[in-house]
1. Based on the mean of other beta carbon atoms within 10 Å per residue, what is the order of 175-182, 204-211, 154-161, 187-194, most packed first?
2. How do 405-412, 236-243 rank on mean C-beta neighbours within 10 Å, highest first?
3. Can you compute the modelled spin-label distance between Asp368 and Lys429, with each label point 7 Å from Cα toward Cβ, in nm?
4. On alpha-carbon atoms, Rg over Rh for region 161-427 using Kirkwood Rh?
5. Could you list, in their original order, any pairs among Lys158/Lys330; Lys311/Lys395; Lys308/Lys428; Lys158/Lys215; Lys172/Lys215 whose Cα atoms are separated by more than 30 Å?
6. Output wanted: per-residue J couplings in Hz (rounded whole) for region 366-382, from phi through Karplus 6.51 cos²θ - 1.76 cosθ + 1.60, θ = phi - 60°, x for Gly and Pro.
7. Between Val324 and Thr271, how high is the FRET efficiency from 1/(1 + (r/R0)^6) when r is the Cβ-Cβ distance and R₀ = 45 Å? Nearest 0.05.
8. How many angstrom lie between the C-alpha centres of region 403-429 and region 285-318?
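No value in this document is a laboratory result; all are computed from the given coordinates. Note that the coordinates shown come from a computational prediction; the quantities given were computed from them, not determined experimentally. With ideal geometry, Cβ positions are generated from the backbone for all residues, glycine too; neighbour counts draw on all protein chains shown.
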Amino acid sequence: MERVATSVRAAGFLAVLILVGCGGPGSSPSNDWNGVEGGRETEGTDLPSDLRLGEVTDVGGLGNDAGDEGLTEMAVADLPGELPGDLDLFADAAVDISLELADGGDVSEADLADMQSDLLHDAQPDLLPDLQTDSQPDVFQDIAPDVPPVLPECPDYKDPATTGFMLHFSVKEASGIVESHRNPGTLWVHNDSGDEARVYAVAKLGTSKGTFELKGADAVDWEDIAVGPGPDPNLTYIYVGDIGDNGGDRSSIQVYRVPEPEVEGGLIPPTITLSGVERFDLEYPDGAHNAESMMVDPWNGDVYVVVKSGKGQSPVFRAAAPLVSGPLLKLEQVAYLEFGEGLLAGDPETTAADINPEGTEVVIRTYDKAFLWRRLPGATVGEALTTEPCPLPLKEEGMGEALGFAADGKGYYTCGEGSMVAISYYAKK
């Protein structure tokens, strides 16, 4: 007889060894209950033949020496009427599930989920692959139901502190900001549409440290900037999103990538031309969109674009790494957000986005609000954006279109548009 052995201990008073007999191919399952009650063996207690996973039933006659009237609720694995002979291997892999029950209390759904999860993860793992065949469905996929992941508490960031003012004479309409990973203390900034294809190195105080032109790049409507990984794992890269499309008539958008240069600064900030610039042409799957928010996943180099809409309807698209120059790359939608209502109340138009260097926090801002999504290990950015957002502090900046994380991930920067605007830093508490 193929058997699945499960022991259940209740509050130190009741130890029950459940041996659920399951007939092999061509036979019916046995309903005999064999167990140990208060140190004494009991046999022959019948279980209902239709008992299924997650169901709760009265099982009498299982009292203990302390005088309990019985274990009133129990979950049983959903095993089919006929199981393959391979399951006799599992008889020797007794799965020990411990559950504390208050006297006369109920088993909560959380307790059941923990029991079923332990059944999967504590079993001998080398046996599990043998239980799956082409003709027999995976009997374990239903033992542990989908349990919502437990997210960490929302991170707590301080109110903004002004680190300086944008004193670089060429920065008049900042649309993107992020701290350099190669040059800590240096911020990369760029203007909105109307400027040339260049980025500016700015100290946290706002003073100029240099102008860097991207050789071979165009600037139709640059809207956001990020620092992330690229083809050389020993380097960090600047990504610039030429993604603005107020008229909704661009057949494609562009993202430029170039290795981060060294910033030396000096009394006379230099102007340097950067070579090795890569251009990626991206196409939406459903027609043109206007966007001002771009971010790069530090885990794998995927590029994300968040659509800007006056109605708050913001699909999120991904260009999967590795990005290839030359052919038109098709974006894929991975999430959909609605700003301006509910948990995303405020101005409906998205203006900037970034992912912290650890890859665990995704931030999107509008003109007057900022929101953070927590990302669990192994989760995609799209999956993270389906969870509940956390509100973040954001200074009133009027037409604020820039937000980027610090290189150490311990805070983020923002600034508004205009000359000599304040640079704000929000430190994590």
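1. Descending packing order for the listed peptides: 175-182, 187-194, 204-211, 154-161.
2. Descending mean neighbour count gives 236-243, 405-412.
3. 2.4 nm
4. Value, to two decimals: 0.93.
5. From Lys158/Lys330; Lys311/Lys395; Lys308/Lys428; Lys158/Lys215; Lys172/Lys215, over 30 Å: Lys158/Lys330; Lys158/Lys215.
6. Using θ = phi - 60°, the values come out as 10, 5, 10, 9, 9, 9, 10, 10, 8, 10, 7, x, x, 7, 7, 4, x Hz.
7. 0.90
8. Answer, in whole Å: 21.
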